[in-house]
1. In this structure, does Ala124 turn out to be surrounded by 14 or more Cβ atoms within 10 Å (Cβ to Cβ) and hydrophobic (A, V, I, L, M, F, W, C)?
2. Return yes when Ile117 is in contact (Cβ under 8 Å) with a residue 24 or more places away in the chain, in contact with a Lys or Arg (Cβ under 9 Å, 6 or more places away or on another chain), surrounded by 16 or more Cβ atoms within 10 Å (Cβ to Cβ) and of a type in the set (Val, Ile, Thr) and no when it is not.
3. Within the range 177-192, does at least one residue satisfy the condition of being in the same structural domain as Ser54 (by TED's automatic domain parsing), over 19 Å from Ile141 (Cα atoms), assigned to a helix (DSSP H, G or I) and in contact (Cβ under 8 Å) with a residue 12 or more places away in the chain?
4. Residues of the range 91-101 being out of contact with any strand residue (DSSP E or B) (no Cβ under 7 Å at 6 or more places or on another chain) and in contact (Cβ under 8 Å) with a residue 40 or more places away in the chain, which ones?
5. Given the conditions (1) within 15 Å of the chain's Cα centre (by Cα); (2) assigned to a strand (DSSP E or B); (3) of a type in the set (S, T, N, Q), report the number of the one that Thr120 does not fulfil.
6. How many residues are under 11 Å from Tyr48 (Cβ atoms), in contact with a Pro (Cβ under 8 Å, 6 or more places away or on another chain) and of a type in the set (A, V, I, L, M, F, W, C) when one looks only at the range 67-81?
7. Does the range 146-185 hold any residues that are of a type in the set (A, V, I, L, M, F, W, C) and under 20 Å from Leu200 (Cβ atoms), and which are they?
8. Considering only residues that are of a type in the set (Gly, Ala, Ser) and either on the phi < 0 side of the Ramachandran plot or modelled with pLDDT of 95 or more (or both), which ones fall in the range 141-197?
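The values are calculated or read from the model by the stated rules, or taken from the named source; none is laboratory data. Because the structure is predicted, anything quoted here is derived from the model rather than measured. Note: ideal-geometry Cβ built from the backbone for every residue, glycine included; neighbour counts use all protein chains shown.
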Amino acid sequence: MLLSRKYANDAGPNRYRLLILIGPKLTRTVLGLCVLPGLVFAAEPTAYRVLLQSADASVAYDIARLTVEADGKRYQLSMNEAAFGDYFLSMRPFKCMDDGNDMLCHLPYPYPLKREISATSLVALEHEFLFIRRRPADYGIDPWNGLYYRLQRSGDGFVGRAYEVDLNILAAPPEGDVLPLVEAEMSKGDPDLLWLPRMLIRR
């Protein structure tokens, strides 16, 4: 670590203006010991588990891993393939969860998606978790029975509630960068009637 002698010996208001040249290991050491005004260290990416949960919290499926980059905006998402079974419905493959009475089939958003969130918008992340409800005995799959989990920040993570929505709107690409699924086209799902009405995103 190199400290500018001018600032190190300065007892005035600029005494904290230090010239610091340090390597990665020493950076962590300094960060653990002190915080200097005006000195900004990069944060680490934050990893989360994504769970779908029953209304009474007795059942939970670990469906994905979310990583939010150090800037707090960009994110990466990987679905947990082990949580889903493979089904061929209406002439196309789906990844579905099935408890014998209900099924939820993941519908990946079919158009380019800018993977960024902000303090005021989680819409891009919400579009990652589109599902279609069906019964195991149903013929085919109908996007009219869509579910959209509206998210909000909670503590150091996020919580979501299922809204019913007609996903047939995704048959046509959106105009520009505007994501097509909006609150006005949704209705709040009844948690007593839905199999997995809650989403939890936790570290």
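1. Yes: the conditions hold for Ala124.
2. Here the answer is yes, as Ile117 does meet what is asked.
3. So far as the range 177-192 goes, yes, one or more of its residues are in the same structural domain as Ser54 (by TED's automatic domain parsing), over 19 Å from Ile141 (Cα atoms), assigned to a helix (DSSP H, G or I) and in contact (Cβ under 8 Å) with a residue 12 or more places away in the chain.
4. Asp99, Asn101
5. (2)
6. 1
7. Residues satisfying the conditions are Leu147, Leu151, Phe158, Val159, Ala162.
8. Result: Gly146, Ser154, Gly157, Gly160, Ala162, Ala171, Ala172, Ala184, Ser187, Gly189.
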